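Remarks on the structure that follows.
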Amino acid sequence: MAELTNLESKIAEVLGLAEASKGATETVKGMLDADEHELAGTLERMHEQAAETEKRCTEVAGTFDGKKTAILEAAREAKREATEMMETYLAEDEDALDGFEFLTMAEAGEVGHWAIVKKLNERAANDSVKELAGWALPIQEEHLTTVMKGALHLAAGEDPNETAE
């Protein structure tokens with residue numbers, strides 16, 4: 001398998017995180033109460049944007065001569081690791097607030113990864129990566145803000161004096 005540069009490796013990571021994000025949004029959506037239509041819609045939109053990010057990352061991976069397979073393989077590993085983290089954090093009896101807390105951490109991680117891709121590309125000057133990062137970073141920043149608002153909305157409905165399960 002081809003060795004990846006730092007930039008190519010980070011492209012693989014953001015691709016894997018986008019793939020994992022699709023599963024995470026579905027998992028957390030399943031934790032919502034039936035009356036949480038607005039939050040469910042938010043998660044659906046995030047799922048669609050993660051799918052678009054996955055598509056665009058895969059396209060950019062194909063522009064690295066002879067590296068697409070290696071990037072996709074590294075992305076699968078990143079997805080597996082992120083999914084394992086989610087499964088550990090959201091073990092068995094967790095509720096929607098726990099789900100949104102996890103998404104807050106996950107989205108913060110994605111923002112960080114995209115900022116790193118953007119920074120690495122300042123020296124690499126890859127036009128495809130520049131365009132991709134310019135598109136994806138604002139979306140991830142918006143996702144982080146959105147899931148924070150969702151977590152706070154759900155927290156507002158919690159009884160602070162109730163015994164935690």
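Structural remarks
- Looking across the range 1-26, just one residue is among the charged types (D, E, K, R) and outside any helix (DSSP H, G or I), and that is E3.
- Scanning the range 108-126 for residues that are touching a residue at least 60 places away in the same chain (Cβ under 8 Å) and under 21 Å from K22 (Cβ atoms) yields G109, E110, H113, W114, V117.
- Residue list for the range 125-141, restricted to those being assigned to a helix (DSSP H, G or I) and surrounded by fewer than 15 Cβ atoms within 10 Å (Cβ to Cβ): D127, E131, G134, W135, P138
- Checked against (1) in contact (Cβ under 8 Å) with a residue 60 or more places away in the chain; (2) closer than 13 Å to E13 by Cβ; (3) not β-branched (V, I, T), A61 passes all but a single condition, namely (1).
- In the range 66-111, residue farthest from E142 (Cα to Cα) [restricted to those that are at pLDDT 95 or above and of a type in the set (S, T, N, Q)]: T69
- Residue list for the range 142-165, restricted to those being in contact (Cβ under 8 Å) with a residue 12 or more places away in the chain and either surrounded by 16 or more Cβ atoms within 10 Å (Cβ to Cβ) or among the aliphatic types (A, V, I, L, M) (or both): H143, L144, T146, V147, M148, G150, A151, L154, A155
- Of all residues in the range 83-102 being part of a helix (DSSP H, G or I) and in contact with a Ser or Thr (Cβ under 8 Å, 6 or more places away or on another chain), the one that is farthest from N126 (Cα to Cα): G99
- Residues being surrounded by fewer than 21 Cβ atoms within 10 Å (Cβ to Cβ), closer than 28 Å to E3 by Cβ and free of Cβ contacts under 8 Å to residues at least 60 places away in the same chain are entirely absent from the range 94-106.
The values are calculated or read from the model by the stated rules, or taken from the named source; none is laboratory data. Every value quoted in this text rests on a predicted model; they were computed, and no experiment measured them. Note: ideal-geometry Cβ built from the backbone for every residue, glycine included; neighbour counts use all protein chains shown.
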